[in-house]
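Below: one structure, written as structure tokens.
Values quoted throughout were computed directly from the atomic coordinates according to the rules given, and no laboratory measurement underlies them. In this text, all values refer to a predicted model and were calculated from it rather than measured experimentally. For neighbour counting, all protein chains shown are included, and Cβ atoms are generated from backbone atoms with ideal geometry for every residue, glycine included.
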Amino acid sequence: MKQISGKAAGFIRTWWKKVLICGFAAMLLAAGLEELQLLTQPKSYAYQEKSSENEVSLPLEDAYLLNCTLEDGKIAVEETGEICFELQKSGSFNRVTLFFDPAQTEGSIRVMYAPADWILSEEENSYELQYTAGMERVDFTFDEDSYGKIGLILKGSLRVKEIKTSRGQYERVAVNERLSLKRIAMLTVMLFATAMFLFGIHGWKRFKGCVQQAKAGISENPRKTLLNAALFIAVAALCYVGVRMYVTYWYEKFNWVLNVFCLLAATAAGCLVCFRKTLGNKPEIFFLILCILIGGQLAVFEPDTTTISWDDGFHYMSANKYSYLGQTRLTDQENVALTAWAERNYDLNSLDGWHKQQDELYRQGVATVAQGLPNPKNFWSLFSGIGLYAARVLGFPFHRMWETGRLFNLLAYAILGYFAIRRLKSGKMILATVLLIPECVFLASNYSYDPGVTGFLALGLSYCFAEWQEPEKKLTAFNACVMLGALFLGSYTKGVYFPVFLIPMFLPKEKFENRKWRRIFFCAAAVVMLYVMYDVASPFLGGNATGATDTRGGSDVDAGRQMQFIFANPLYYTGVLLRSLWTVIGPEYADGFLTYYAYLGKMPNQYLYLILLAVVAFTDKCDADRELGRRVRMRGFFQFLLFGIACLVGTSMYVVFTKVGAYGIEGFQYRYVLPVVYPAMMLLGSGWIRNDTNRTVYNGILFAVAGYVNFVAVLSGVMSLYS
């Protein structure tokens, strides 16, 4: 007890000043950031009615309903429903207001209005607004006229109580918004935690050490430094000429966007050729460089809409919530970007004017404001949210703000990959090539949180495999916390990956200082895994699986009935599952899980990258792999476990997204198997394989192939479209 109290007293004496300074500085900085938020965020406006006439409550029982029902005087919509009114007397109005029970989820409502002899259309006399959880009304204001028809398309779960039309004059008045104490408190906690973490890892000393090391390297041999710089410039210039000739030959055009592509490709080639020592010893640095150079082009030059990657509208909404910490604020321009499929402008002559139009619409103010904290399961969107916040504070135009949010998502993925690769003693190139899969980089360059799942699982498993590669070292508390914490963060968003917690449970007993420490680690892993399992299974507990059903799959989807069907027809479902798995992971579908750019299409060279993955899986081995490699049965069990995870992913989509008894699995996308590619590749090969190839040459060839496939994909899918 005396020893423990002595340690506690020493800790207090060492840290109390740091705690006080960090806490005080965090509060001041949080208050300043909140003030900046209010000054720079789009203004919120309210329509103050000056006069109103012809206010009419439309009888809900006279409406034409599609995929919705009238229950207890309210129109109930579960997923997507349509409501149409034919007005008996064509009245003159300029506003339609919907009143509904407090929304439980997010969704959208589109209004359509037309004269009596016209057909309602989503293309003309129509626009859409987003609603968020907690909202109770939506107002549509448009040009005043005599309309004989009104149509509404509602997406989400709503109970509409009343629909009114009115004619009036409205004055747009700015809302006076005040400092949010709740937001200041949350910012203070986040900033304090960040500052204490940096103190704990001696962040400032490490940064100073890196700077001094760089200075020493230059000052010790300035001649060599100058020669390396000259060589880099010469190689990059030569590569630039070659890439430019390639681009001009294949696309018969050249512009400043393609020039940027050529410069970045030449920069990557110059780094590979000139920094050979770093390439051989620290491949994580080259992963970081390539990931940013490739993904940065996608983040900046992809069109400014969410209809580029899967579910990106949902992911942007999460990032928006994190950027405001307690609010959802959407401008008309953001509503357009969330819904518009055709908003893809590749015309360089009109691009500046188009961006100005976007910014003008963005600066007109907020169209939708709703209170509510972001879902903690979507925590990965915090990084994009930080990017959006920083861009707003710095006064960036709309398109630059959108790109900054994407760039922060990419940076978080690249940094996570850097630390995961750095931890390994062997298999660094396996992890680097997996994280550089074109589809992974594409997802990281948008608002998707899939890179967070892949990245955190890779980080946790890299710490686990590194323990096998260092049999003489004991497992430290820090490494154990990083391992289990990363696996938890990776599986918390998508709980079906929970079986990965079984892998660290098989660490040999020699890795632990004593039996007690081994029990603590095992219990911690089991508790976290059981928590994630419960989170996945909770919607099915009690016999009611309604909460698990994803209504986007259609009206025939019923999770509870689907589970009953699977148990009643196990052989039939086994066939469905295996067929669907093959269409996701079969070699002939490599363009789906390797080079697929979602709605931009499938990119070339998928088989080249598939060969690259196969080669690196069997050749990136050294003496450090012997301990795990000789345990053949355990590696076989782990591979079976990973196959089981893929089956769980497919089954989850069959249960919650596919109609009952279907022959295939709907919504089972290639990206869902990416998190298990890395551990599957690490467990391949023999523990007796030794690769004595010069590491600079070996790593350089692998990075060159991965870079080539990625740069060609970026060129084909995005950069070459500009003219």
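Two decimals, Cα atoms only, Kirkwood Rh: what is Rg/Rh over segment 547-671? Mind dumping the intermediate values first?
Values: Rg = 18.1 Å, Rh = 16.9 Å.
When Rh is taken as the Kirkwood radius, the ratio is 1.07.
Give, in nm to one decimal, the length gained when the segment between Leu394 and Lys164 is fully stretched (0.36 nm per residue of separation minus the Cα-Cα distance).
Working: separation 230, 0.36 × 230 = 82.80 nm, distance 4.12 nm.
Extra length from Leu394 to Lys164 when fully extended: 78.7 nm.
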Exercise. Please state the charge dipole magnitude for the chain, taken about the Cα centre, from unit charges on C-beta atoms (+1 on K and R, -1 on D and E), reported in debye and rounded to the nearest 20.
Key: 5020
Quiz item: Using a cut-off of 20 Å between alpha-carbon atoms, which lysines can reach Lys474, once sequence neighbours fewer than 8 places away in the same chain are excluded?
Solution: Lys425, Lys509, Lys511, Lys516
Self-check item: Sites Ala25 and Lys215 - FRET efficiency at Förster radius 41 Å, r taken between beta-carbons, to 0.05
Solution: 0.90
Quiz prompt | FRET efficiency estimate (nearest 0.05) - Cβ-Cβ, Ala526 to Lys377, R0 25 angstrom | solution = 0.70
Quiz item: Which value results for Rg/Rh of the chain when Rg is the Cα radius of gyration and Rh the Kirkwood radius based on the inverse mean 1/r?
Solution: 0.99
Exercise. May I ask for the net charge around Met196, where only other residues with Cβ less than 13 Å from the Cβ of Met196 are counted and Lys, Arg are +1 while Asp, Glu are -1?
Key: +2
Practice problem: Given a cut-off of 23 Å, name the pairs among Lys356/Lys602; Lys155/Lys659; Lys164/Lys321; Lys43/Lys155; Lys155/Lys321; Lys215/Lys473 whose C-alpha atoms lie farther apart than that in the structure shown. | Solution: Lys356/Lys602; Lys164/Lys321; Lys43/Lys155; Lys215/Lys473
Quiz prompt | Rg to Rh, two decimals, where segment 120-209 supplies the alpha carbon set and Rh follows Kirkwood | solution = 1.26
Quiz item: Kirkwood Rh, segment 297-425, all Cα pairs: how many Å?
Solution: 15.4
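Can you give the direction-averaged projected area of the convex hull of the alpha-carbon atoms in segment 599-723, in nm²? Walk me through the numbers on the way to the answer.
Working: hull surface 43.7 nm².
Spelled out: convex hull of the Cα atoms, projected over all directions, averaged, 10.9 nm².
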Exercise. Output ³J(HN,Hα) for segment 567-573: one whole-Hz value per residue in order, computed from phi by the Karplus curve 6.51 cos²θ - 1.76 cosθ + 1.60 with θ = phi - 60°, and x for Gly and Pro.
Key: 5, 7, 10, x, 5, 4, 5
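Considering Cα pairs under 8 angstrom that are at least six residues apart, work out the relative contact order of the chain and quote it in whole percent.
On the way: 1164 pairs, mean separation 93.8, N = 723.
That works out to 13 percent.
Per DSSP H run of at least 4 residues, take -39500 (n - 2.57); add these up for the chain, divide by its residues and hand me the 222 nm value, nearest 500 deg cm²/dmol. Write down the numbers at each step before the final one.
Values: 25 runs with 405 residues, N = 723.
That comes out to -18500 deg cm²/dmol.
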Exercise. Rounded to whole Hz and in sequence order, give me ³J(HN,Hα) for segment 495-512 from the Karplus expression 6.51 cos²θ - 1.76 cosθ + 1.60, θ = phi - 60°, writing x for Gly and Pro.
Key: x, 5, 8, 4, x, 4, 5, 6, 5, x, 5, 9, 4, x, 5, 5, 6, 10
Quiz item: If each residue's Cβ is checked for other Cβ atoms within 10 Å, how do Lys182, Lys164, Lys509 rank with the fewest at the top?
Solution: Lys509, Lys182, Lys164
Quiz item: Any idea how far the Cα center of segment 561-606 sits from the one of segment 381-416, in Å?
Solution: 33
Exercise. Note down the nm distance, to one decimal, between modelled labels 7 Å out along Cα→Cβ at Tyr64 and at Ala704.
Key: 6.6
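Once fully extended, how much extra length lies between Phe142 and Arg344, figured as 0.36 nm per residue of separation less the alpha-carbon to alpha-carbon distance?
Value of the extension gain: 70.2 nm.
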Quiz item: Based on the Cα gyration tensor of segment 46-174, what are the three equivalent ellipsoid semi-axes, each the root of five times an eigenvalue, rounded to whole Å and given largest first?
Solution: 21, 18, 14
Quiz item: Can you pull out the GluC sites (Glu not before Pro) in segment 60-127 that DSSP calls coil and that have at most 13 other Cβ atoms within 10 Å?
Solution: Glu122, Glu123, Glu124
Exercise. Would you please give the residues with an amide H less than 5 Å from that of Trp118, counting only those at least 5 places away or on a separate chain, with H modeled from the backbone geometry?
Key: none
Quiz prompt | ³J(HN,Hα) computed for each position of segment 586-592 - Karplus, 6.51 cos²θ - 1.76 cosθ + 1.60, integer Hz, glycine/proline x | solution = x, x, 5, 9, 4, 5, x
Quiz prompt | Total formal charge among the other residues, if their Cβ is under 10 angstrom from that of Lys474, Lys/Arg +1 and Asp/Glu -1 | solution = -3
Quiz prompt | Under-5 Å amide H pairs with Val660, H placed in peptide plane, nonlocal only | solution = Asp558
Quiz item: Distance in nm between label sites at Phe618 and Ala76, each 7 Å beyond Cα in the beta-carbon direction?
Solution: 5.9
Exercise. Mind giving me the nanometre distance, one decimal, between the label points for Leu578 and Leu38, set 7 Å out from Cα along Cα→Cβ?
Key: 6.5
Quiz item: Can you list residues whose amide H is under 5 Å from Leu475's amide H, if they're 5+ apart or on another chain and H is modeled 1.01 Å from N?
Solution: Phe512, Glu513
Quiz prompt | Cβ-Cβ FRET estimate between Trp250 and Glu588, R0 fixed at 30 Å, reported to 0.05 | solution = 0.70
